[in-house]
Structure formats: C-alpha cells, structure tokens
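Asker: For reference, the structure I am asking about is given below.
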Amino acid sequence: MLATGAAVTTAGLAQVDREKIYQWINELSSPETRENALLELSKKRESVTDLAPMLWHSCGTIAALLQEIVNIYPSINPPTLTAHQSNRVCNALALLQCVASHVETRSAFLAAHIPLFLYPFLHTVSKTRPFEYLRLTSLGVIGALVKTDEQEVINFLLTTEIIPLCLRIMESGSELSKTVATFILQKILLDDTGLAYICQTYERFSHVAMILGKMVLQLSKEPSARLLKHVVRCYLRLSDNSRAREALRQCLPDQLKDTTFAQVLKDDSTTKRWLAQLVKNLQEGQVTDPRGIPLPPQ
C-alpha cells in the first residue's frame, strides 16, 4: 500500500511539474514575465525530454526567443554587453539548443534558418566574460546540431559562413570556445560532403591548414589534451583526401612528427593512434619527381 501511495505522490509531483512547464512557456510570450520563465525553463531542459516540441509548437514561443536574440544586437557594436544581458540571452540560446538537439524539431529549426540569428554573436571579438559566454553558448547550439551526425545539418551549414567563423574562434578564442569550434569543424570534415567542400579549392584547404598549424604551435606552449585531440582528428580526416594529403606532406607541423606532445598524450591511446595513422597516411604512396622533391598538389 505504501509503495502505491509513493507512486501516486510521484505521479502527482510530475503533473505539478508539467503544469509549471506549461505556465513558464506561456509566460515567455509576455515581456514582463519572460526573464524568469527563460531562467526556469533553461534549468529544466535536461529533465523534460519533450520540452523541444513543446517550445516549437506553442504559439509565439520561438518568436519570443528570437526577440531575445535580436534585442542584444545593438549591444554588440560597440561592445557594451553586460553580464546580466549575456546571462539572459544565453538562457534563450539554451532553449534553442534544446530545439536544435531534438529529432522532432531539428529539421524545422534548420528550415527556418534559425542558426543564422546566432552568427552575429560568433562575429564578436571582445574578450570580456559576457562576450565569451555569449560566443560559447552560441557555439553550443551549432555543436548540438553537428553532434547528431545528420546529413541535412552539414548540407545546411555548408551554405553558411560557419567554417570561417569557427576558424577565427579557433585562432583567437578562449580554450573552451576553441575546443567547441574545432569540434564543429571536425564534424563537418568527418562528413564526406564537408571534406570535399573544404578540399575543393586550395584557398579553403590552406586557410584550414594554416589555422590548425597555428593551434599546434600554441598547444606546444600551452598544452590542452582535449583541444589537441580535436586538432589531430581534423588533420587525420584531411589526410583522407588525396590532394590534401599531398599538401600536408609539406605543411604538417614538426611538433606532430616529433615527441613534443608525448607527455600530453601519454594516457590518451585514441589520440596517439590517430597521430600514428596520420603520419603513416602521409608516408604512404608519396609521389616524387626525379629529383626526389614531392610534387605540389594539382
């Protein structure tokens, strides 16, 4: 009897929680109640599995979230974003990430081109904490999209400026932002369409290779095993393309060929294996001219 009572109580609590969720979603439509509703819903996004469809299909909710994003644009240039503004818009971004992650809402999210509303945030360069948090949370939305390994996500992103945006953050962002931006590039490269796109022109490939090379140099001075893992995976994937492989024979940083990162990777068997495979890929089938000089990419 006690167990049945406990079950009823749990069901009752769940129902109360659902009622609160419905209430907060309704409160997003009103500017007076929106800020608290954003905060409460962002806390619940992990525990309420169907929150994304509820947000997407409720009247005016996505428009309210986009309004929160657009309201911040004037604070980007000149960069006057406050911590309070940043926290508030990041709660809205967290709810959009929830929608981006969910199988039922992802396609509609892309069809509406909602990620493009985040790109102005990725263009920012201010190093203050509110801007770092804004960039990192915006990258999190794109990261949630690519994590799904869906072809439609890559196809959409390749029609946008996400690659140069990620490359800029990889060069000059905080370590955490660099890690997420490099993860996004890695996921694009792991898709055959993405790899072909980046290796289609020498300009695209050389921009990616140049930034990765700068990161290796920086990592040799300030090691980060997590960031290095993504960088090595990007290089390994590039080596799957024959033209990129030829170019990498010329421009792969020496630090990836010698023992520079031996200490950093001593407990990371996966990255060590990737690095060994990369070096092997570049050594195999090397084409040289009669003087023994590797030929440039065609």
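Please treat every number below as a calculation from the coordinates, not as lab data. Bear in mind that the values here come from a model prediction, so they are computed numbers and not experimental data. Positions of Cβ are backbone-derived with ideal geometry, glycine not excepted, and every protein chain shown enters the neighbour counts.
Asker: Kindly express, to the nearest 10 degrees and within the range 0 to 90, the angle between helix 269-283's C-alpha long axis and the longest C-alpha principal axis of the chain.
Answerer: Approximately 40 degrees, to the nearest ten.
Asker: Let me ask you something else. Taking the Cα of THR270, stepping 7 Å toward and past its beta carbon, and measuring to each backbone N in segment 141-163: which are under 16 Å?
Answerer: Under cut-off, by backbone N: 147-149.
Asker: Determine the calculated [θ] at 222 nm for the chain from helices alone, applying -39500 (n - 2.57) to every DSSP H run no shorter than 4 residues and normalising by the residue count; nearest 500 deg cm²/dmol.
Answerer: Helix contribution divided over all residues of the chain: -22000 deg cm²/dmol.
Asker: Explain nothing, just the number: relative contact order of segment 11-80, from Cα pairs under 8 Å at least 6 residues apart, as a whole percent.
Answerer: RCO, segment 11-80: 26 percent.
Asker: Next question, about the same structure. ³J(HN,Hα) across segment 238-245 via Karplus (A = 6.51, B = -1.76, C = 1.60, θ = phi - 60°), whole Hz, x for Gly/Pro?
Answerer: Calculated HN-Hα couplings, in order: 4, 5, 6, 8, 4, 5, 5, 4 Hz.
Asker: Where the Cα atoms of segment 141-224 are projected onto their three principal axes, how long is each span, largest first, in whole Å?
Answerer: That gives 38, 29, 18 Å along the principal axes, largest extent first.
Asker: Do you know the relative contact order of segment 57-121, to the nearest whole percent, from alpha carbon pairs under 8 angstrom that are 6+ apart?
Answerer: That works out to 38 percent.
Asker: Once the Cα atoms of helix 61-72 and of the chain are each reduced to a long axis, what angle between those two axes, in degrees from 0 to 90 to the nearest 10, is obtained?
Answerer: It is inclined by approximately 60 degrees.
Asker: Measure out, as a whole number of angstrom, how far apart the alpha-carbon centroids of segment 209-241 and segment 17-53 sit.
Answerer: First find each Cα centre; the distance between them is then 40 Å.
Asker: Among 270-276, 44-50, 87-93, 129-135, how do they line up from the highest to the lowest mean number of other beta-carbon atoms within 10 Å?
Answerer: In descending order of packing, they fall as 87-93, 129-135, 270-276, 44-50.
Asker: Now for a different question. Normalising by the residue count of the chain, find the relative contact order in percent from Cα pairs under 8 Å and 6+ residues apart.
Answerer: Here the relative contact order equals 11 percent.
Asker: Expressed as an acute angle from 0 to 90° and rounded to the nearest 10, what is the orientation of the C-alpha long axis of helix 175-190 relative to the principal long axis of the chain?
Answerer: That helix lies at roughly 70 degrees to the long axis.
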